[in-house]
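The values are calculated or read from the model by the stated rules, or taken from the named source; none is laboratory data. The structure displayed is predicted, hence computed values, not measured ones. Glycine gets a Cβ as well: all are built from the backbone with ideal geometry, and neighbour counts include every protein chain shown.
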Amino acid sequence: MQLYGAQVGSRLLLGTARYPSPAVLAEAVRASRSEIVTVSLRRESGNERSGQAFWALIRGLGVRVLPNTAGCHSVKEAVTTAHMAREVFGTPWIKLEVIGEDDTLQPDVFGLTEAARILSAEGFEVFPYTTEDLVVAERLVEAGCRVLMPWGAPIGSGRGLNNLFGLRTLRARFPEIPLIIDAGLGVPSHAAQALEMGYDAVLINTAVAQAVKPVAMAAAFAQAVAAGRAAWEAGPIEARDFAAPSTPVIGTAFRQ
Amino acid sequence: MRILVNGVWRESGAAGLDRLLAELGYQDAVVSTAVNGEFVATGARAGTRLADGDRVEVLAPMQGG
């Protein structure tokens, strides 16, 4: 899989938030075999210096980082946060989030496209967190995005792929753009389903971090992603409404 | 003068942003800064004068999804 020219082996991207401990986070990243983890920027607290320890831990994992603009509700906030992230993390990659609605964390697609245009023009490689809307996707590609990250369901909801029709249409409409399902997946079968439909990758956070055994769940998602991709490459059959006997009917005994 | 640092008002005599970070003990930390909502790159901190009422953000790497 190529993301902005970078060759990436694993089709599972992992978030780094909400794990029971830094040690479990590190172990989960290893078990997932992810090569890309998402990170964020937050206010550094005076005494704890938790940000410094976190960054040392991530650097020790030897993975690429994809900084996000989580929590930003305006174009201005998202653009400023992207600049701050580029300096701290030393990467032009930015997972661009402009949140429009707090209960669903649905992206503000108008602000998103505007911020994507500004950041792409400034040399950022934008991974926009978007919906499955085709016209928005078109605008994002026009703005310079070479990867799209549509939601499966609201962030952290674990509901899986809410709009299969819309996601299939998006895949068919943009066959050459890497599409990564970002948000809302709950169990490995959701990830397998996304890959079986031809999605290039999935980004998982809560489903692994909040599992009873995060490390085991990270490994389970890795297996599901590998199986789903293998199935897509093998060419799944079309679903149909009625039965089609798998055993040959010619030569069936006891029939006239 | 009073400076709002990460949402908390502080009394500071720092003339520039680099001096404020030193006051806060962040001179060697991996942080990024903004003043009044505008990004200030590391190399521009020394040249960024602070005034009474300025809002400063000091952000560090953190867990994210």
With the condition kept exactly as written, say whether any residue in the stretch B:30-44 is in contact with a Lys or Arg (Cβ under 6 Å, 6 or more places away or on another chain), part of a loop (DSSP other than H, G, I, E, B) and surrounded by 12 or more Cβ atoms within 10 Å (Cβ to Cβ).
yes
Pairs under 6 Å by beta carbon, first residue free of Cβ contacts under 8 Å to residues at least 60 places away in the same chain in the stretch B:49-65, partner of a type in the set (Asp, Glu), six or more apart or different chains?
B:58/A:44; B:60/A:44
Contact list please: Cβ distance under 6 Å, first residue in the stretch A:155-174 and within 14 Å of another protein chain (Cβ to nearest Cβ), second residue among the polar types (S, T, N, Q), pairs at least six apart or on different chains.
A:156/A:206
Restricting the stretch A:31-62 to residues that are charged (D, E, K, R) and under 18 Å from residue B:5 (Cα atoms), the one farthest from the other protein chains (Cβ to nearest Cβ) turns out to be A:48
The residue that is farthest from the other protein chains (Cβ to nearest Cβ), considering only those in the stretch A:13-25 that are surrounded by fewer than 24 Cβ atoms within 10 Å (Cβ to Cβ) and not in a loop (DSSP other than H, G, I, E, B), is A:23
When residue A:64 is evaluated against the numbered criteria (1) over 15 Å from residue A:129 (Cα atoms); (2) within 19 Å of the chain's Cα centre (by Cα); (3) buried (at least 21 other Cβ atoms within 10 Å of the Cβ), which criterion, by number, is the only one it fails?
(3)
Within 25 Å of residue A:128 (Cβ to Cβ) and over 14 Å from the mean Cα position of the chain (by Cα), is that true of residue A:197?
yes
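Residue under question is residue A:28, and the condition is that it be surrounded by 22 or more Cβ atoms within 10 Å (Cβ to Cβ), hydrophobic (A, V, I, L, M, F, W, C), within 14 Å of another protein chain (Cβ to nearest Cβ) and out of contact with any Ser or Thr (no Cβ under 8 Å at 6 or more places or on another chain); does it hold? Reasoning before the result, please.
Values: surrounded by 22 or more Cβ atoms within 10 Å (Cβ to Cβ): yes; hydrophobic (A, V, I, L, M, F, W, C): yes; within 14 Å of another protein chain (Cβ to nearest Cβ): yes; out of contact with any Ser or Thr (no Cβ under 8 Å at 6 or more places or on another chain): yes.
Yes.
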If we scan the stretch A:56-63, do we find a residue that is modelled with pLDDT of 95 or more, assigned to a loop (DSSP other than H, G, I, E, B) and under 17 Å from residue B:59 (Cα atoms)?
no
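On the basis of being within 13 Å of chain A (Cβ to nearest Cβ), surrounded by fewer than 21 Cβ atoms within 10 Å (Cβ to Cβ) and of a type in the set (S, T, N, Q), does residue B:48 make the cut?
Values: within 13 Å of chain A (Cβ to nearest Cβ): no; surrounded by fewer than 21 Cβ atoms within 10 Å (Cβ to Cβ): yes; of a type in the set (S, T, N, Q): yes.
When the stated conditions are applied, residue B:48 does not pass them.
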Among the candidates A:67, A:107, single out the residue that is in contact with a helix residue (DSSP H, G or I) (Cβ under 8 Å, 6 or more places away or on another chain) and under 25 Å from residue A:12 (Cα atoms).
A:67
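For the stretch B:27-36, enumerate the residues that are facing another protein chain (nearest Cβ under 7 Å), modelled with pLDDT of 90 or more and farther than 13 Å from residue B:49 by Cα. Don't jump to the end; show me each part of the working.
If we filter the stretch B:27-36 for residues that are facing another protein chain (nearest Cβ under 7 Å), which is where we start, we get B:29-32, B:34.
Subset that is modelled with pLDDT of 90 or more: B:30-32, B:34.
If the condition is that a residue be facing another protein chain (nearest Cβ under 7 Å), modelled with pLDDT of 90 or more and farther than 13 Å from residue B:49 by Cα, then B:30, B:31, B:32 are the ones that fit.
State whether the residues of the stretch A:98-106 include one that is within 13 Å of chain B (Cβ to nearest Cβ) and either under 23 Å from residue B:26 (Cβ atoms) or crowded, with 24+ Cβ neighbours inside 10 Å (or both). Step through it out loud before you land on a result.
Keep residues of the stretch A:98-106 that are within 13 Å of chain B (Cβ to nearest Cβ), which gives A:99, A:105.
Adding the requirement that they be either under 23 Å from residue B:26 (Cβ atoms) or crowded, with 24+ Cβ neighbours inside 10 Å (or both) leaves none.
No.
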